């Protein structure tokens, strides 16, 4: 018989006794209900079972660093840090302070959770995972209790599996470890964060189980300084978007068990997907396989992969059909974008489309031969020209512009601000706070008008080719980059069709 059953029995006996004595039990009843509610809030709601991985009985497939593509730098840094845990005797002999925490920082979808799981496998550890949002409650004390439960669960799991190490992984750690004193429910947030700090500080080499805390975030700027100082999260590992080599490795990994058609080269798609995360690339491979299944194809072709890339970028192809006049205007608009894009950066057009996807009535998909991380003023002015080209082409053909260029103008304005605040305009080196709005407006307008004049000259010179591109778009709805370049080189419509 447990304590709860004994307590219930005593309470019932007391109620019967007081009723027999003629005592009004309503105040006692309300007091008991209040105590019971408080007990439920603190103990029952505070109880939490976190996701665990580890041991031979685990049903989840163990992940190693070899199973993760495109993060060579992050994996190297992580493995180097984990050696402090694998070779305990050596770090003791050198007097090295034991590693308590690792912080993985990077955009969503770059593989931070996978890296944490691989880290647990690398040091042969039990693995307990939680999300920062699991600790947040409106009741004071619940979050701190869940932190204690998380660490206790990690220790118990490691002991049960006969392991010396445990990894506690906290995803979205910025929810749990945001700067103190800034939230609406300050006391609960602060107590929860303080408990995590206590748990991390209380670990030592003499513990039966060594616990490594791995946090993942894409908001390093809002973390409390106490959590990211040395001695807490000793190492910060940057998990960036993959470069071209990394994207190729990820695509190869996700197409390893998929039947690719003969002649499919993944290098082309690695170049086309600049800015894609690992999650995006996995989605590309999966969507391509789905498209092949829809068509009844036994292999995945380049066409399926190209469509998958466009779906991930722009969204699903829609049945929305504009009328013929609108379709003609859309074709002119997109042809203008494509011609100027090819003029300022040869080979940049991957496809031109007037089929609706997502919120776009038409679009030009662009690619670049090499990843770029620094932009010159000439490059940015070229990108502004591409953004303005659709509206310029419309005005040249129809004598007016449409609302379809609204987003293009916003992009052009933002890029003009890049030029100004990058110290590449006539204003010289300036701070955003020091430039009067009127002067900023005048400078932006000057940049846009200057670029627009150049774009007008390009489209005027290429007017005949613009009409040829529009004719094919109205007929086929899409032109590949190679066909588009062949058309600009002077080939006939029949040769491109």
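The values are calculated or read from the model by the stated rules, or taken from the named source; none is laboratory data. None of the values given here were measured: they were computed from a predicted structure. Virtual Cβ from ideal backbone geometry, glycine too; neighbours counted across all protein chains shown.
Restrict the check to region 319-327 and report whether at least one residue is within 31 Å of the chain's Cα centre (by Cα), part of a loop (DSSP other than H, G, I, E, B) and at pLDDT below 90.
Yes, region 319-327 contains a residue that is within 31 Å of the chain's Cα centre (by Cα), part of a loop (DSSP other than H, G, I, E, B) and at pLDDT below 90.
Look through 295, 268 and report the one residue that is outside the structural domain of residue 471 (by the TED database) and at pLDDT below 90.
So the residue among 295, 268 that is outside the structural domain of residue 471 (by the TED database) and at pLDDT below 90 is 268.
Against the definition (under 26 Å from residue 275 (Cα atoms) and modelled with pLDDT under 90), how does residue 161 come out, yes or no?
No, not satisfied.
Provide a single number: the residues in region 434-493 that are over 34 Å from the mean Cα position of the chain (by Cα) and on the phi > 0 side of the Ramachandran plot.
Residues flagged as over 34 Å from the mean Cα position of the chain (by Cα) and on the phi > 0 side of the Ramachandran plot within region 434-493 amount to 1.
Only one residue in 412, 405, 391, 387 is in contact with a helix residue (DSSP H, G or I) (Cβ under 6 Å, 6 or more places away or on another chain), assigned by the TED database to the domain that holds residue 461, at pLDDT 95 or above and over 25 Å from residue 271 (Cα atoms). Which one?
Matching residue, one of 412, 405, 391, 387: 391.
Out of (1) surrounded by 15 or more Cβ atoms within 10 Å (Cβ to Cβ); (2) within 27 Å of the chain's Cα centre (by Cα), what's the single condition that is false for residue 373?
Just one mismatch for residue 373, condition (1).
Among the residues of region 449-463, which ones are at pLDDT 95 or above and either touching a helix residue (DSSP H, G or I) at 6+ places or on another chain (Cβ under 6 Å) or outside the structural domain of residue 344 (by the TED database) (or both)?
451, 452, 455, 456, 458, 459 - these are the residues of region 449-463 that are at pLDDT 95 or above and either touching a helix residue (DSSP H, G or I) at 6+ places or on another chain (Cβ under 6 Å) or outside the structural domain of residue 344 (by the TED database) (or both).
The rows are residues; the columns are (1) more than 20 Å from residue 277 (Cβ to Cβ); (2) touching a residue at least 24 places away in the same chain (Cβ under 8 Å).
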{"residue": "105", "(1), (2)": "no, yes"}
{"residue": "111", "(1), (2)": "no, yes"}
{"residue": "114", "(1), (2)": "no, yes"}
{"residue": "118", "(1), (2)": "no, yes"}
{"residue": "134", "(1), (2)": "yes, yes"}
{"residue": "152", "(1), (2)": "yes, no"}
{"residue": "156", "(1), (2)": "yes, no"}
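Given 393, 360, 331, which one is out of contact with any strand residue (DSSP E or B) (no Cβ under 8 Å at 6 or more places or on another chain), closer than 28 Å to residue 475 by Cα, touching a residue at least 40 places away in the same chain (Cβ under 8 Å) and surrounded by fewer than 20 Cβ atoms within 10 Å (Cβ to Cβ)?
360
Could you say whether any residue in region 195-208 is within 19 Å of residue 107 (Cα to Cα) and either at pLDDT 85 or above or assigned by the TED database to the domain that holds residue 279 (or both)?
Checked region 195-208: no residue is within 19 Å of residue 107 (Cα to Cα) and either at pLDDT 85 or above or assigned by the TED database to the domain that holds residue 279 (or both).
So, residue 147, is that one touching a helix residue (DSSP H, G or I) at 6+ places or on another chain (Cβ under 7 Å), modelled with pLDDT under 90, more than 26 Å from residue 75 (Cα to Cα) and surrounded by fewer than 20 Cβ atoms within 10 Å (Cβ to Cβ) or not?
So residue 147 does not fit the description; no.
If we only count helices (runs of 4 or more DSSP H) wholly inside region 69-176, which ones have 2 or more residues that are more than 30 Å from residue 255 (Cβ to Cβ) and more than 18 Å from the chain's Cα centre (by Cα)?
72-86, 88-93, 142-161
When residues of region 296-314 are filtered for being more than 17 Å from residue 350 (Cα to Cα) and either surrounded by 12 or more Cβ atoms within 10 Å (Cβ to Cβ) or free of Cβ contacts under 8 Å to residues at least 12 places away in the same chain (or both), how many remain?
So the count comes out to 4.
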